1. Sort out which residues of the stretch 398-416 are outside any loop (DSSP other than H, G, I, E, B) and among the acidic types (Asp, Glu), and write them in order of number.
2. Could you tell me how many of the residues in the stretch 378-402 are more than 16 Å from residue 362 (Cβ to Cβ) and either surrounded by 15 or more Cβ atoms within 10 Å (Cβ to Cβ) or in contact (Cβ under 8 Å) with a residue 24 or more places away in the chain (or both)?
3. Tell me which residues, restricted to the stretch 353-373, are touching a strand residue (DSSP E or B) at 6+ places or on another chain (Cβ under 9 Å), of a type outside the set (Asp, Glu) and surrounded by 15 or more Cβ atoms within 10 Å (Cβ to Cβ).
4. Please work out which residue is farthest from the chain's Cα centre (by Cα), limiting yourself to the stretch 463-493 and to residues that are of a type in the set (Phe, Trp, Tyr) and surrounded by 22 or more Cβ atoms within 10 Å (Cβ to Cβ).
5. Do you know which of the residues in the stretch 586-615 that are of a type in the set (S, T, N, Q) and outside any loop (DSSP other than H, G, I, E, B) is farthest from residue 573 (Cα to Cα)?
6. Take the residues in the stretch 268-304 that are outside any helix (DSSP H, G or I) and of a type in the set (Gly, Ala, Ser); name whichever of them is surrounded by the most Cβ atoms within 10 Å (Cβ to Cβ).
7. Name the residue, out of 350, 406, that is under 23 Å from residue 190 (Cβ atoms), more than 19 Å from the chain's Cα centre (by Cα) and surrounded by 14 or more Cβ atoms within 10 Å (Cβ to Cβ).
8. Can you confirm whether the stretch 494-506 contains a residue that is aliphatic (A, V, I, L, M), surrounded by 16 or more Cβ atoms within 10 Å (Cβ to Cβ) and in contact with a Ser or Thr (Cβ under 9 Å, 6 or more places away or on another chain)?
Amino acid sequence: MDKIPQGYEIPLYLFHNGTNMETYRFLGCHKGEKDGKKGHYFRVWAAKAKAVSLVGDFNGWDDDKTPMEKIADSEVWETFVEGLKTFDTYKFCIDGCDGKRHYKADPYGTHMELKPQTGSKIFDIEGYEWKDKKWQEARKTKDVYNCPMNIYEVHLNSWKSCDDGVYYSYTKFAKAIIPYLKEMGYTHIEFMPLAEFPFDGSWGYQGIGYYAPTSRFGTPHEFMEMIDLFHQAEISVILDWVPAHFPRDEAGLFEFDGGASYEYADPKKRDHLAWGTRVFDYGRNEVKSFLISNALYWIEQYHIDGLRVDAVASMLYLDYDRRDGEWTPNIYGGHENLEAVQFLRDLNTAVFSRCPTVLMIAEESTAWPMVTKPVTDGGLGFNFKWNMGWMNDMLKYMSYDPIDRAFHHDMLTFSFFYAFSENFVLPISHDEVVHGKASLVNKMYGGDVDKKFEQCKLFNAYMMAHPGKKLMFMGTEFAQFREWDYENGLEWFLVDEYENHRNYQAFSKRLNHFYLDHPQFWQKDFDWSGFSWIANDDFRQSIIIFRRFDKDANEVIVLCNFVPVERKSYCFGVPYKGRYTEVFNSASPDGAPMTNGTVKSQDVPMHNFSQSVCIDIPPFACLYFEVKKDEEKPDSVKKSDEEKKSADNKKSAADQKAETAEE
């Protein structure tokens with residue numbers, strides 16, 4: 001068509017300008033009318049295509065039956081088809097600029113065939129009746145920074161094996177896991193990617209259907225129902241989202257019109273060499289519209305509460321995983337990908353302009369500055385970032401022989417000194433329990449199983465008290481021994497058959513609920529006023545002691561002993577004259593207090609405090625103490641006491657004088 005139809009101008013202009021935040025409403029498959037007849041419009045962006053047609057069930061997959069027409073000079077192709085129905089399968093047949101014919105799934109398709117098939121399916125996502133209105137209203141005013149965030153990361157297909165050997169459906173999964181999450185005390189669930197992906201072994205990180213929840217587990221409406229059920233149970237939902245790269249699958253975005261379309265054309269920017277995937281062209285406006293619209297699509301159409309943005313470091317650096325000669329510096333001679341930086345800022349600006357309280361979490365593994373600072377201040381604009389430095393240091397520290405930990409005390413304390421430089425999430429994710437890295441419990445030093453469990457409980461209790469939000473991968477809560485295997489369910493039988501694992505699960509439950517019930521551990525995670533050291537220099541005994549505060553200055557004192565040595569009558573300074581009660585002890589089977597009870601402070605100065613306490617510390621233990629200050633007497637009471645004491649002294653002196661006179 002030579003002229004852009006009325007109503008198309010604005011969405012096309014915004015799309016080509018990189019500012020269309022709802023591109024999915026225009027491109028893709030949509031119900032409509034033409035010349036008084038009902039049907040479906042199909043639109044696809046294929047800038048360099050020589051010709052495009054629609055093929056599918058409805059035309060016998062005939063390349064020539066349903067040609068598409070280019071909308072003026074818009075690079076977008078369109079056709080209208082009558083008589084189609086839900087679940088009809090289709091693809092775009094594209095004569096590419098490379099002289100070859102390509103059969104592509106709809107980049108904006110809302111539903112896809114079950115793998116290994118790769119066709120798009122007609123599905124109108126409108127019409128689902130949401131029941132989470134209360135949740136959505138509450139989310140609008142939620143303070144995401146000063147609320148509990150204890151995330152349970154899940155790979156949906158391998159959380160638990162179904163008895164019949166088929167996948168859980170979205171709704172069946174929700175109904176199975178929600179009671180467990182509530183009982184265990186988790187506040188959020190984070191799904192590894194659920195946008196359609198052909199290869200199970202990619203875990204979802206190599207998707208081809210960015211707008212289609214994977215059909216492995218059901219339809220888009222069933223996906224919505226799953227989210228709805230989580231919200232009705234007051235559980236937030238985070239989805240892993242992958243704007244860093246896409247696979248070379250023929251049916252996907254790869255060389256969509258026969259050449260570089262969604263990916264960079266420059267071979268030194270185009271490929272993720274280690275992953276064998278393609279990098280999005282962040283400088284191309286149509287790609288920006290595609291990705292930003294996609295982020296908002298999941299948040300607004302599927303009510304997702306947050307996105308964990310995967311592999312941000314790979315986006316930020318032109319030399320990421322490249323040797324000299326394999327990358328080209330930016331215009332300033334640096335290695336920063338300036339287009340990716342701007343894209344991330346535009347992404348976060350767009351998301352927060354419409355959904356101010358959602359979570360935008362960066363998986364950024366370098367020291368890139370100001371990841372969680374506002375774009376207006378020069379930051380990337382995320383509101384949370386995974387603390388990969390803490391994770392790497394602590395897992396390495398826990399692998400050391402306890403005898404040697406004194407020589408690595410800095411690895412234990414260093415993270416506290418930058419803990420407030422970003423809004424951190426402390427992650428023990430799927431990446432740390434796979435590919436020969438060992439399960440969390442098996443990362444602990446030594447061959448003695450009981451000692452491994454003791455150390456793992458110590459680590460978990462320390463982690464929960466450390467500033468920052470929390471994330472644990474499924475299976476760590478009962479100390480699964482085997483590494484995660486995406487093809488098999490977790491080893492739930494361990495809880496039934498072995499006391500160690502049963503106790504560990506009970507310990508995790510108590511720890512999670514202690515966290516929930518104590519705002520000291522989450523109310524001031526990103527402010528120095530929520531944390532204070534008591535002792536960080538006892539490297540010889542591998543002990544650290546610190547305080548965590550809530551907004552009302554209530555505190556919990558945390559003491560961690562990272563060696564298998566019991567410390568009797570260990571003394572340390574405390575801030576107040578009063579009573580210090582042990583309320584959590586990682587050395588007990590389920591974390592219940594068991595060693596010290598309530599200890600009264602003494603007038604013995606220590607650690608720059610006028611008071612101190614002496615306690616017993618079990619081996620490999622993390623202890624929490626609550627504080628009850630002695631009440632200060634009012635001045636009038638103090639004066640009355642002083643007058644009484646003075647009168648008593650005078651009486652005593654008079655009595656003594658009388659006794660002397662009688663003698």
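1. 404, 410, listed by residue number.
2. The total comes to 9.
3. 358, 359, 360, 361, 362, 365, 368, 371, 372
4. 478
5. Among those residues, the one meeting the criterion is 598.
6. 283
7. On the way: 406 fails: under 23 Å from residue 190 (Cβ atoms).
Step by step, each of 350, 406 is checked, and only 350 is under 23 Å from residue 190 (Cβ atoms), more than 19 Å from the chain's Cα centre (by Cα) and surrounded by 14 or more Cβ atoms within 10 Å (Cβ to Cβ).
8. Within the stretch 494-506, the first condition is being aliphatic (A, V, I, L, M), and the residues that meet it are 494-495, 506.
Pick out the ones that are also surrounded by 16 or more Cβ atoms within 10 Å (Cβ to Cβ) and you get 494-495, 506.
Filter once more, so that each one left must be in contact with a Ser or Thr (Cβ under 9 Å, 6 or more places away or on another chain): none.
No, the stretch 494-506 has no match at all.
Every number here is computed from the coordinates shown, using simple stated rules; none is lab data. Predicted model, so just to flag it, every value in this text is computed and none were measured. Positions of Cβ are generated from backbone atoms using ideal geometry, with glycine treated the same way; all protein chains shown enter the neighbour counts.
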